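> This structure is in C-alpha cells; I'll ask about it shortly.
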Amino acid sequence: MGEAKRKNGDKARFERLNKELTNLGVKTDQFGFCDQREFLAAESRNPALLETYAKWVMLRPRDAKYDAHVNRIVPKLAQLVATVLEEDELEGSCEMACSLLTKGLDRLGVWSVGMVGSSTFEVKGKNIWRGLHTVDHAGFPGARLGHTWVCAPPFIVVDASIKRQRWSGDAIYPYVPSIILDNYGQKTKPTPQDVISAEIRGEMMMTRNTIPRGVIYQLEPNLKTFSETFPATEIVVDELTARYIPTAANLSDGALEEINGGGEKGRIGREIWDDVIAPAFNLNP
C-alpha cells in the first residue's frame with residue numbers, strides 16, 4: 001500500500017509540473033524541450049525552471065517498453081562517449097560528457113538531465129579513498145567544483161567521464177571502470193565526508209573542534225530539497241564503492257554540434273555525432 005501511495009504521489013507531482021510547463025507554451029511531448037524558445041524565455045525569468053525540468057524527467061511515468069529502449073541505448077552511448085574521451089585524452093571532462101550524453105539521448109529518444117554534485121570513491125580494504133566535492137577550494141578562478149553526471153531514468157547515475165578525472169597513475173585508477181551505470185539507486189544519507197573536501201573539513205576541525213553532520217545542509221542549502229526527488233545513492237562496482245550526492249540540475253545551452261568547439265584538443269560535437277555515435281546506432285547522416 002505504501003508503494004502504491006508513493007507512485008500516486010509521484011504521478012500527481014508530475015502532472016502539476018507538466019501543467020506548469022505547458023502553461024508556459026512548452027511542448028513537453030518533444031525530446032529536449034528545455035531547448036525550446038518558450039522554455040528558455042521562461043528560464044531567463046526564473047532560473048529554477050531547470051530544476052522543474054529535472055523533476056519532470058525523474059517523475060515522468062514509464063512503461064516496460066520504454067525502459068527496455070533505455071536499457072538498449074544508455075549503456076552503449078555511455079561507452080561510446082567514454083571511449084571518445086579516452087582516445088582524445090580529455091581529462092576532467094565531466095561537463096563535456098554530460099553534454100554529449102544529454103544531447104545525444106534527446107536524439108535517441110531517451111529522457112535525461114544532467115546532475116551536479118559530489119562523488120566519492122572507495123576501495124575498501126585497500127585504504128584508498130578519493131572525493132570530488134562541491135564544497136572545496138577552487139584550484140583556479142571560475143573552476144567548477146564537484147562532479148557532473150547524467151540521470152536517465154531508470155538509470156539514476158550515468159557517468160561516462162569517471163575514468164578521466166586526472167587519476168592516471170593514482171592508486172585508485174585500476175579500480176575505476178570506464179563507465180558507471182546505476183539503475184538500482186540504493187539510497188544513502190550524505191555525510192560531511194561525501195560533500196566537504198578533506199582540506200575544508202580539517203579547517204573546520206581547527207576552528208570548531210567538530211564537524212556537525214547537518215553542516216552539509218548549511219554549506220549546500222539546495223541539497224535538502226533537491227534530495228527529495230534526487231536522493232544520494234551508492235553503487236558497488238567490483239571492488240569500488242561509489243557514492244553520488246546530487247545538489248542541482250545541469251544542462252548545456254549549446255547545440256550538440258558545438259560541444260568542445262572552443263577546446264584546445266579533441267573532436268567537436270559534430271564530428272563525434274557524425275563519425276562515432278550515429279554510425280553505431282545505424283542512423284542515416
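Each value in this text was obtained by applying a stated rule to the coordinates, not by laboratory testing. No experiment lies behind these values; they were computed from the predicted model shown. With ideal geometry, Cβ positions are generated from the backbone for all residues, glycine too; neighbour counts draw on all protein chains shown.
> When the dipole is taken about the Cα centre of the range 1-61, and only Lys, Arg (+1) and Asp, Glu (-1) are charged at their Cβ, what size is it in debye, to the nearest 20?
Here the size comes out at about 280 debye.
> Which trypsin sites (Lys or Arg not before Pro) in the range 196-250 sit in a loop by DSSP (not H, G, I, E or B) and have at most 13 other Cβ atoms within 10 Å of their own Cβ?
Arg213
> Treat each spin label as a single point 7 Å out from the Cα along the C-beta direction, and report the Gln186 to Glu86 distance in nm.
Modelled inter-label distance: 2.5 nm.
> Provide the per-residue ³J(HN,Hα) series for the range 11-25, in order, calculated from phi with Karplus coefficients 6.51, -1.76, 1.60 and θ = phi - 60°, each as a whole number of Hz, with x at glycine and proline positions.
5, 5, 4, 4, 5, 5, 5, 5, 5, 4, 6, 5, 5, 7, x
> What residue among Gly254, Gly125, Gly114 has the largest mean-square fluctuation in a Gaussian network model of the chain, using Cα springs under 10 Å?
Of the options given, Gly125 has the highest mean-square fluctuation.
> Normalised by the residues of the chain, what does the relative contact order come to in percent, with Cα pairs under 8 Å and at least six apart?
In percent, rounded to a whole number, it is 19.
> Same structure, new question: As I understand it, the dipole of the chain uses +1 on the Cβ of Lys and Arg and -1 on the Cβ of Asp and Glu, about the Cα centre. Which of Ala248, Ser112, Phe226 lies farthest toward its positive end?
Looking along the dipole axis, the top candidate is Phe226.
> Moving to a separate point now. Only Cα pairs within less than 10 Å get springs; with that Gaussian network setup on the chain, which residue of Gly146, Gly214, Gly169 has the largest fluctuation?
Gly169
> Further question on the same structure: Just to be sure I understand: with springs between alpha-carbon atoms less than 10 Å apart, which residue in Phe33, Phe121, Phe230 has the highest mean-square fluctuation in the Gaussian network model of the chain?
Of Phe33, Phe121, Phe230, the Gaussian network model singles out Phe33 as fluctuating most.
> Give, rounded to the nearest 20 debye, the magnitude of the charge dipole that the chain has about its Cα centre when Lys and Arg contribute +1 at Cβ and Asp and Glu contribute -1 at Cβ.
For this selection, approximately 1120 debye.
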